[in-house]
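Report on one structure; see the data block that follows.
The values are calculated or read from the model by the stated rules, or taken from the named source; none is laboratory data. Since we're looking at a predicted model, the values are computed, not measured. Neighbour counts are summed over all protein chains in view; Cβ atoms, including those assigned to glycine, are modelled from backbone coordinates with ideal geometry. Areas reflect the complete protein model, heavy atoms only, side chains present, ligands, DNA and RNA absent. Shrake-Rupley method; radii C 1.70, N 1.55, O 1.52, S 1.80 Å.
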Amino acid sequence: MAKRQLPSPEDLRQLLRYEPATGKFYWLQSEKKPPQWNGRWAGKEAFTCESNGYLWGRIDWRLYPAHRIAWAISYGEWPKGQIDHINGCRGDNRLANLREVDQSTNSMNAARPSHNTSGHIGVSFEKRRKRWEAHIGVPGTGRKKHLGYFDEIEEAVAARKAAERQFGYHKNHGREMRA
């Protein structure tokens, strides 16, 4: 089955009004839509369905994430890479909060996983050794680097933070997850 073509940025601009300062979308009047559609939806906020913190909406029965639509409308082309929410808030689609990145760069601005028990990303307690371990993903390699074992959690956290600076991780990396 052939992959469905994405709507052009021009078509999106005829359907939606995007406010870069607020990150909100609104449906526009459309001659291509039936009168009852215009009466019900034109002028109303669009892309308000939330899933896992991201906002979504439908165009011609197909779901699209709001951050990718914002990018296409603003820059006149669909993003080639991933769109990172700089402040970590997945529902914040202000243009100033969006940047196009590759997978490696996007993972360098990740929130602390919900299953993390140490309270610090890349730091865990090694039960067999009874010591704290620190590790970090090396950008562009898909590999983790062992940073050492430490008697105190503060030492492991310091080693991890130093490695984040060395590898150019975003300052928000490891923050508490939020919507």
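Observations on the model:
- Residue tally, condition touching a strand residue (DSSP E or B) at 6+ places or on another chain (Cβ under 7 Å) and surrounded by 15 or more Cβ atoms within 10 Å (Cβ to Cβ), over segment 18-50: 9
- Flag for residue 43 being among the small types (Gly, Ala, Ser) and assigned to a loop (DSSP other than H, G, I, E, B): yes
- Check on residue 138, touching a helix residue (DSSP H, G or I) at 6+ places or on another chain (Cβ under 8 Å) and not acidic (Asp, Glu): yes
- Members of segment 148-179 that are touching a residue at least 12 places away in the same chain (Cβ under 8 Å), out of contact with any Ser or Thr (no Cβ under 7 Å at 6 or more places or on another chain) and open to solvent by 80 Å² or more (accessible area, probe 1.4 Å): 151, 152, 155, 176, 178
- Scanning segment 113-147 for residues that are surrounded by 15 or more Cβ atoms within 10 Å (Cβ to Cβ) and farther than 16 Å from residue 173 by Cβ yields 124, 131, 132, 133.
- Verdict on residue 5 being at pLDDT below 95, part of a loop (DSSP other than H, G, I, E, B) and among the polar types (S, T, N, Q): yes
Yes/no per residue for (1) touching a helix residue (DSSP H, G or I) at 6+ places or on another chain (Cβ under 9 Å); (2) in a loop (DSSP other than H, G, I, E, B); (3) at positive phi:
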position: 80; (1), (2), (3): no, yes, no
position: 106; (1), (2), (3): no, no, no
position: 114; (1), (2), (3): no, yes, no
position: 120; (1), (2), (3): yes, yes, no
position: 124; (1), (2), (3): yes, no, no
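- Flag if residue 96 is within 30 Å of residue 66 (Cβ to Cβ), touching a residue at least 12 places away in the same chain (Cβ under 8 Å) and open to solvent by 80 Å² or more (accessible area, probe 1.4 Å): yes
- Looking across segment 75-93, the residues that are hydrophobic (A, V, I, L, M, F, W, C) and either closer than 19 Å to residue 47 by Cα or open to solvent by 60 Å² or more (accessible area, probe 1.4 Å) (or both) come down to 78, 83, 89.
- Search result, residues across segment 51-74 that are surrounded by fewer than 16 Cβ atoms within 10 Å (Cβ to Cβ) and either within 18 Å of residue 41 (Cα to Cα) or free of Cβ contacts under 8 Å to residues at least 12 places away in the same chain (or both): 51, 58, 60, 61, 62, 63
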